[in-house]
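Worksheet: the structure to be examined is printed underneath.
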């Protein structure tokens, strides 16, 4: 039988006591720091066309072009890899997704100039709007009353326009190009202010972000609120405080702007080509970013709920 010295016995007992004392600390969960991004899906899951993230009320994230063009991937809460949710009809390729308060998903098909709707509980895309007058429906945002605003860039012509799409008295979706007081550049990222009265539009070619008042089918009161370097902005989203979160493609950051365009912070990302973002998670304070460089999704926590998440809950 082995013998133990008094000093050795004291050291082991003291060490055991220390571990017991530290156990609650060691077992405590690591708190996620605000605005600190991390990669949450494997690289290469999505194609170069990764875009259009949107989260539903159950915390599922949907992103276009999983594995090949024309698909929609789904990332379940706490999952570490995406799974196939559905595919669009042959020849259609999604570029943006939004989900309304009733759980209906709207998908902008830039290739065939369509807007599809996928009802809650279904995975079947249904055509609800098409126009040959579109260059391409690029990004979309939803108003409280269900109106869809869609950016429609002409990349070759370095110009663009905005569509207003809404249901008529018979329930069919009708669309019109909104009259604007100025010639627009390549319209890209788009979202509304929390009160729904202001539309924010990013123009990728110039790096400019403009705000407009909405008057029916007209955009009025144009204001240039921020200018970045040309060709360095993509999608944008707003939170319930009115701040804008702007994907700085090629810069590898999300710029957070006040409603009047002051830069509040730059959030560093894991890769350099963020295409768009979405608020989700249980409290609407998790921001998911689609990364073209690497074809993955990353996320960070923020301090204010996203407008779209609040809209889904019927609280905005």
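Hey, any hits in region 120-132 for a residue that's surrounded by 17 or more Cβ atoms within 10 Å (Cβ to Cβ) and either without any contact (Cβ under 8 Å) to a residue 24 or more places away in the chain or under 26 Å from residue 299 (Cα atoms) (or both)?
Scanning region 120-132 turns up no residue that is surrounded by 17 or more Cβ atoms within 10 Å (Cβ to Cβ) and either without any contact (Cβ under 8 Å) to a residue 24 or more places away in the chain or under 26 Å from residue 299 (Cα atoms) (or both).
Test residue 194 against the criterion of being part of a loop (DSSP other than H, G, I, E, B), in contact with a helix residue (DSSP H, G or I) (Cβ under 9 Å, 6 or more places away or on another chain), farther than 21 Å from residue 290 by Cβ and modelled with pLDDT of 95 or more, and give yes or no.
For residue 194, the condition - part of a loop (DSSP other than H, G, I, E, B), in contact with a helix residue (DSSP H, G or I) (Cβ under 9 Å, 6 or more places away or on another chain), farther than 21 Å from residue 290 by Cβ and modelled with pLDDT of 95 or more - is met.
For every residue, the table says whether it meets (1) assigned to a strand (DSSP E or B); (2) more than 24 Å from residue 275 (Cα to Cα); (3) free of Cβ contacts under 8 Å to residues at least 40 places away in the same chain.
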{"position": "112", "(1), (2), (3)": "no, no, yes"}
{"position": "137", "(1), (2), (3)": "no, no, no"}
{"position": "165", "(1), (2), (3)": "yes, no, no"}
{"position": "169", "(1), (2), (3)": "no, yes, yes"}
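Can you tell me which condition residue 88 does not meet? The list is (1) under 22 Å from residue 139 (Cβ atoms); (2) at pLDDT below 95, and all the others hold.
Condition (2) is where residue 88 drops out.
Residues are listed down the side, and each one gets a yes or a no for (1) modelled with pLDDT of 95 or more; (2) closer than 30 Å to residue 256 by Cα; (3) in a loop (DSSP other than H, G, I, E, B):
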{"residue": "11", "(1), (2), (3)": "no, no, no"}
{"residue": "26", "(1), (2), (3)": "no, no, no"}
{"residue": "32", "(1), (2), (3)": "no, yes, yes"}
{"residue": "42", "(1), (2), (3)": "yes, yes, yes"}
{"residue": "54", "(1), (2), (3)": "yes, yes, no"}
{"residue": "78", "(1), (2), (3)": "no, yes, yes"}
{"residue": "81", "(1), (2), (3)": "yes, yes, yes"}
{"residue": "84", "(1), (2), (3)": "yes, no, no"}
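Can you tell which of 275, 238, 232, 227 is surrounded by 15 or more Cβ atoms within 10 Å (Cβ to Cβ) and farther than 24 Å from residue 142 by Cβ? Reasoning before the result, please.
Numbers: 275 fails: farther than 24 Å from residue 142 by Cβ; 238 fails: farther than 24 Å from residue 142 by Cβ; 227 fails: surrounded by 15 or more Cβ atoms within 10 Å (Cβ to Cβ).
On inspection, the qualifying residue turns out to be 232.
I'd like to check something: does region 59-76 contain any residue that is in a loop (DSSP other than H, G, I, E, B) and under 14 Å from the mean Cα position of the chain (by Cα)? If you could, list the steps in order and put the result at the bottom.
In the first step, residues of region 59-76 are kept if they are in a loop (DSSP other than H, G, I, E, B); the result is 59-60, 67-70, 76.
Then drop every residue that is not under 14 Å from the mean Cα position of the chain (by Cα), which leaves 59-60.
Within region 59-76 (the criterion being in a loop (DSSP other than H, G, I, E, B) and under 14 Å from the mean Cα position of the chain (by Cα)), the answer is yes, since at least one residue qualifies.
Look through 265, 237 and report the one residue that is over 21 Å from residue 149 (Cα atoms) and in a strand (DSSP E or B). Break it down stepwise before answering.
On the way: 237 fails: over 21 Å from residue 149 (Cα atoms).
Of 265, 237, the one residue that is over 21 Å from residue 149 (Cα atoms) and in a strand (DSSP E or B) is 265.
Within region 287-304, can you find the residues that are touching a residue at least 60 places away in the same chain (Cβ under 8 Å) and buried (at least 20 other Cβ atoms within 10 Å of the Cβ)?
Initial filter on region 287-304 (touching a residue at least 60 places away in the same chain (Cβ under 8 Å)): 288-292, 294-304.
The answer is 288, 289, 290, 291, 292, 295, 296, 297, 298, 299, 300, 302.
Of the residues that sit in region 257-270 and are without any contact (Cβ under 8 Å) to a residue 60 or more places away in the chain and surrounded by fewer than 19 Cβ atoms within 10 Å (Cβ to Cβ), which one is nearest to residue 153 (Cα to Cα)? Full working, then the answer.
Step one: of region 257-270, the residues without any contact (Cβ under 8 Å) to a residue 60 or more places away in the chain are 257-258, 260-264, 266.
Imposing the further condition that a residue be surrounded by fewer than 19 Cβ atoms within 10 Å (Cβ to Cβ) reduces the set to 258, 260-264, 266.
Numbers: 258: 25, 260: 24, 261: 22, 262: 26, 263: 25, 264: 28, 266: 26 Å.
Restricting to residues being without any contact (Cβ under 8 Å) to a residue 60 or more places away in the chain and surrounded by fewer than 19 Cβ atoms within 10 Å (Cβ to Cβ), the top hit is 261.
I'd like the full set of residues that are free of Cβ contacts under 8 Å to residues at least 40 places away in the same chain, in a loop (DSSP other than H, G, I, E, B) and closer than 22 Å to residue 207 by Cα, limited to region 139-154.
none
The rows are residues; the columns are (1) touching a residue at least 40 places away in the same chain (Cβ under 8 Å); (2) in contact with a strand residue (DSSP E or B) (Cβ under 6 Å, 6 or more places away or on another chain); (3) in a strand (DSSP E or B); (4) more than 18 Å from residue 263 (Cα to Cα).
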site	(1), (2), (3), (4)
175	yes, yes, yes, yes
201	yes, yes, yes, no
209	yes, yes, yes, no
213	no, yes, yes, yes
225	no, yes, yes, no
232	no, yes, no, no
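The values are calculated or read from the model by the stated rules, or taken from the named source; none is laboratory data. What you see is a predicted model, and the numbers here were worked out from it, not measured in a lab. Don't worry about glycine lacking a Cβ; one is built from the backbone with ideal geometry, like all the others, and counts go over all protein chains shown.
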